[in-house]
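Asker: First the structure, then my questions, so here it is.
All of the numbers you see were taken from the coordinates with simple rules; none came from a lab. These numbers come from a predicted model, not from an experiment. No Cβ is skipped: glycine too gets one built from the backbone with ideal geometry, and neighbour counts run over all protein chains shown.
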């Protein structure tokens with residue numbers, strides 16, 4: 001069995017993708033990854049070899065604020081009210097739209 005794919009968000013750089021992947025463009029054309037077991041995908045937007053990282057993030061001072069958060073922090077128990085009594089409830093399940101009675 002092949003190792004699972006692991007995607008690591010680097011602090012101020014690319015997405016590091018390790019494992020067996022197929023990478024396709026918006027038209028469905030497959031990129032030739034050869035025998036690479038790891039690829040770095042640009043997330044700064046400045047790479048001249050998109051979707052691959054070329055190190056531009058270092059030259060332009062790319063800064064990202066993304067961090068994984070504890071599951072307890074990821075799911076707030078806040079109810080947001082919208083017009084006409086519609087609510088968007090958030091709990092341990094994905095957000096879903098519901099209609100208030102009354």
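Asker: In percent, what relative contact order does the range 1-68 have, based on Cα pairs under 8 Å that are 6 or more apart in sequence? Provide the component values of the computation, followed by the final result.
Answerer: Working: 94 pairs, mean separation 19.5, N = 68.
Value for the range 1-68: 29 percent.
Asker: From the square roots a ≥ b ≥ c of the eigenvalues of the alpha-carbon gyration tensor of the range 1-68, which class results: rounded (a/c under 1.5), prolate (a/b over b/c), or oblate? Working shown, then result.
Answerer: On the way: a/c = 2.17, a/b = 1.38, b/c = 1.57.
In terms of gyration-tensor shape, oblate.
Asker: Using the 10 angstrom Cβ neighbour count as an exposure proxy, how do 24, 39, 9 rank, fewest first?
Answerer: Ascending number of Cβ neighbours within 10 Å: 24, 9, 39.
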